[in-house]
């Protein structure tokens, strides 16, 4: 099967997951104003975006949204565990 830009949806998911994970880690390390609450709000926003699919977004945009959500959820778990260990 031929895919747009040569990526299948799973590859797009994996690429997006790593990008979002890295960006969140960067924000945590470099921006002292970046808070756990902001990350929770980001997650809420992405869930809203995932639910807003009246006109259809296609498998690539769905993969991007799902990867973004997964990366945010992972980073929330890590951050909360760190706070509990302090």
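In this structure, is residue 17 surrounded by fewer than 16 Cβ atoms within 10 Å (Cβ to Cβ), out of contact with any strand residue (DSSP E or B) (no Cβ under 8 Å at 6 or more places or on another chain) and either assigned to a helix (DSSP H, G or I) or free of Cβ contacts under 8 Å to residues at least 24 places away in the same chain (or both)? Judged against the criteria, residue 17 is not a match.
Within segment 50-80, how many residues turn out to be farther than 16 Å from residue 27 by Cβ, crowded, with 16+ Cβ neighbours inside 10 Å and touching a residue at least 40 places away in the same chain (Cβ under 8 Å)? Qualifying residue count, segment 50-80: 7. If you check 26, 34 for being surrounded by fewer than 15 Cβ atoms within 10 Å (Cβ to Cβ) and assigned to a loop (DSSP other than H, G, I, E, B), only one passes: 34.
For segment 37-63, the tally of residues that are part of a loop (DSSP other than H, G, I, E, B) and under 25 Å from residue 11 (Cβ atoms) stands at 5.
Coordinate-derived values only; no laboratory data. Values in this document were obtained by computation on a predicted structure and should not be read as measured data. Neighbour counts run over all protein chains shown; Cβ positions are idealised from the backbone, glycine included.
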